[in-house]
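Please treat every number below as a calculation from the coordinates, not as lab data. Just so we're clear, the structure is a prediction, and the values are computed from it rather than from any experiment. Cβ sites come from the backbone with ideal geometry, for glycine too, and all protein chains shown count toward neighbours.
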Amino acid sequence: MPGILIFSENNAIALELVTAGLGLKATMNHSLCAVALSEPDAAALAAAGADKVFLLNGQDWPEGCAQPIAELAARELAAVILIGGTARGKDIAAKVACGLDAGLVTEAQTIEIAEDKLQTTRLKYGGLAVACEATGLPAVVTIAPRTFDKAVAGDGQGQVIALDAAAGDPRVKVSDLCPIERHGVDIASAARVVCVGRGLAKQEDLALAEDLAKALSAEIGCTRGIAEDYHWLPVERYIGISGQNIKSELYLSLGVSGQVQHVAGIRDAKVIVAVDTNEKAPIFAAADYGIVGDLYEVAPLITAALKK
Amino acid sequence: MSKILVCYKWVLDEQDIRVNAADASLDSSRAKYKISDYDKNAIEEAVLLQEGQGATVDAVTFGGDAVKQSLKDLLSRGPDKVFYIADPSADKADGYVTAGVIAAAARKTGPYDLIICGEGSADSYNQQVAPRLAANLGLPSITYVQSLKLEGGRVVATRKLGDCTEVVTVEGPAVVSVVPEINKPRIPSLKQVLAAAKKPAEEIKIADLGLSPKQLTAKTVSLTVKGFVMNRKNILFKEPAQADNVAKLVAALAKEGVC
Ligand SMILES: Cc1cc2nc3c(=O)[nH]c(=O)nc-3n(C[C@H](O)[C@H](O)[C@H](O)COP(=O)(O)OP(=O)(O)OC[C@H]3O[C@@H](n4cnc5c(N)ncnc54)[C@H](O)[C@@H]3O)c2cc1C
């Protein structure tokens, strides 16, 4: 029966896809299948509501799953294949789409079936615009982490079926897997964020932002240039379309111009505050509250006022 | 000597696109084109390999008529030759069509030891052309590459994958996509700009690629594109003394319950 197939090499994300998949299942009336890479993952997906879970054995490199997933999707007549939008997932999704001769929608924010097509929305032009698109079935879709809530473990009775993976590509060798060290908290889940941009003249001046962050119990975030060009802060602290997406209750920027690629990462913040010398800086159009002024004057004043 | 192909897209500069507040429509009438930012890293990486160990670098682009304006800019960045497929149908192309067109072109102009793409385009950022291109050509792909070496016929790349890095070695050829931190694209020198005028640019007609109508029909069709409208309070505190503005700000934040 044509159905929905989900996969992520990261099972926390796979559980988010279960939520997305159950939403589609309600309108499509088809079964929800999943692919897992370990027995505990398979059991978790079944408990959370997958009707059938295929346990793919013998594949150490997630990218090597593309071909077996494409074959499985073809055999199961999957109409919609949802894949977790990690870097690996996006690579796998493109290969699955090629294997199925299907379209691929990258990082869809919403998905629904309309007129026998998959209708999706996604960002374009660095976050400036939202495109609504229709893709013929079968369709492959990647979904960014945290787009949907994780499905909770219920009394799902889904069946687990073992599947042998195909042999890997003999031309490809993978080595030196090395986790990237993370320092401090995850900015994406911080409750409050003070964000510094290139309005900051020197690395030492970060102290001024840190003082303010302390007074607010906030974490420090930054724009891409501060992390990627100046290396003043670790890359996982930069916010925007190519960095982190924040959902904090407060975002306060110091010397951030507010180009669309940055603003795309702060849209879910509840309250946005901007301090910038340039009244025409686009950040003010994206802000709830703004002060036009020198951050070197204004930031210490805010810190002092908060301490009172 | 190795033969490298670098792929690039000629995109509208999003900084010049305005959102009409009334209906959220996009106004790109004043927008200029640019080489997609990520592709500048791909071009730079190809040219670094060319300089470092000797290689010929071809470039290829698929776009509307406007791509002809890109050729000089592209050639001034170092590639030896550019192939372009200029066809109005490119406006409706999705990753499926684009990868199919570029694969067909690469079969004509290749074979290549290495094909380099940016991780995604600055406009659509679909991040699928490189892996699709690899699949179409029957080659391994290495996506999200932060450092790259060509060792004889072997491609050695370090991938950056969010929470880890890994090294992928391919007994060449391969298709790679690169992330921005792989290099800093240089600004072309006057000498390079002048030299660009003498380098070859060759048009490939889409009809000569031997692709079927189905292969030229997008799987994904755009229904609407709307500017993202931010509904924010936009309150600017504008007292002459910053201390007064700060007092008002802190009062407002207290009222919002966020300080
Ligand atoms: C494809 C692509 C993807 C991108 N992705 C991201 C992304 O994910 N995240 C991101 O952040 N960027 C991203 N960018 C870059 C983005 O377009 C901007 O260039 C960047 O966000 C600007 O950073 P900034 O605001 O720190 O610097 P600038 O734009 O240089 O702004 C500095 C601001 O500081 C102000 N200023 C200067 N001095 C002072 C002072 N003393 N007091 C107060 N204000 C002062 C200036 O008026 C100015 O507004 C991307 C770009 C591209 C092309």
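Residue exposure proxy: B:Trp10, A:Trp61, ordered by other Cβ atoms within 10 angstrom of their Cβ from fewest to most, comes out as A:Trp61, B:Trp10. From its DSSP helices (H runs of at least four residues, each -39,500 (n - 2.57)), the protein assembly as shown gives a residue-normalised ellipticity at 222 nm of -8000 deg cm²/dmol. Take each residue of peptide B:209-220, count the partner chain Cβ atoms within 10 Å of its Cβ, and average: the result is 3.
Compute the separation of the alpha-carbon centres of region B:177-231 and region A:195-213 and state it in Å as a whole number. Going from one Cα centre to the other spans 38 Å.
For B:Lys81, the aspartates and glutamates whose Cα comes closer than 18 Å to its Cα, not counting residues fewer than 8 places off in the same chain, are B:Asp39, B:Glu44, B:Glu45, B:Glu51, B:Asp58, B:Asp73, B:Asp113, B:Glu202, B:Glu203. Taking the alpha carbon gyration tensor of region B:2-216, multiplying each eigenvalue by 5 and rooting it gives semi-axes of 26, 20, 19 Å, largest first. Each of A:Val275, A:Cys98, A:Ala213 was scored by the projection of its Cα onto the charge dipole of the protein assembly as shown, and the greatest displacement toward the positive side belongs to A:Val275; charges sit on the C-beta of Lys, Arg, Asp and Glu. When both bridge partners sit in chain A, DSSP labels roughly 20% of those beta bridges antiparallel. Each of A:Ser175, A:Ser257, B:Ser124 was scored by other Cβ atoms within 10 Å of its Cβ. Listed from fewest to most, they are A:Ser175, A:Ser257, B:Ser124. Figure legend: label point modelled 7 angstrom from the Cα of A:Ala304 along Cα→Cβ; residues of region A:207-251 with amide N under 20 Å from it are A:207-217. Please give the helix B:95-109 orientation as an angle from the longest Cα principal axis of chain B, in degrees from 0 to 90, rounded to the nearest 10. Roughly 30 degrees between the two axes. Just how many % of Cα pairs in chain A lie over 33 Å apart, if you round to the nearest whole percent? The answer is 37 percent, as a whole percent. Extension gain for A:Arg146-A:Thr27 works out to 40.6 nm (0.36 nm per residue, less the C-alpha to C-alpha distance). With a 10 Å cut-off around each Cβ of A:297-308, the average count of Cβ atoms from other chains is 4. Of all DSSP beta bridges confined to the protein assembly as shown, the antiparallel ones make up roughly 35%. Short to long, the 5 Å bins of the Cα pair-distance histogram for region A:187-307 hold 2, 13, 25, 28, 22, 9, 1 percent of all pairs. Note on the protein assembly as shown: Rg/Rh from Cα positions, Kirkwood definition for Rh, rounded to two decimals, is 0.98.
Note on A:Cys132, A:Cys195, A:Cys65: ascending count of other Cβ atoms within 10 Å places them as A:Cys132, A:Cys65, A:Cys195, the fewest first.
Across chain A, the mean sequence separation of Cα contacts (distance under 8 Å, 6 or more residues apart), normalised by length, yields a relative contact order of 15 percent. Computed about the Cα centre, the dipole magnitude for the protein assembly as shown is approximately 1040 debye when only Lys and Arg (+1) and Asp and Glu (-1) carry charge, each at its Cβ. Between A:Asn278 and B:Arg154, what is the FRET efficiency for a Förster distance of 51 Å, r being their Cβ-Cβ separation, to the nearest 0.05? Using R0 = 51 Å, I get an efficiency of 0.55.
Rounded to the nearest 10 degrees, the inclination of helix A:39-48 to the longest alpha-carbon principal axis of chain A is 80 degrees.
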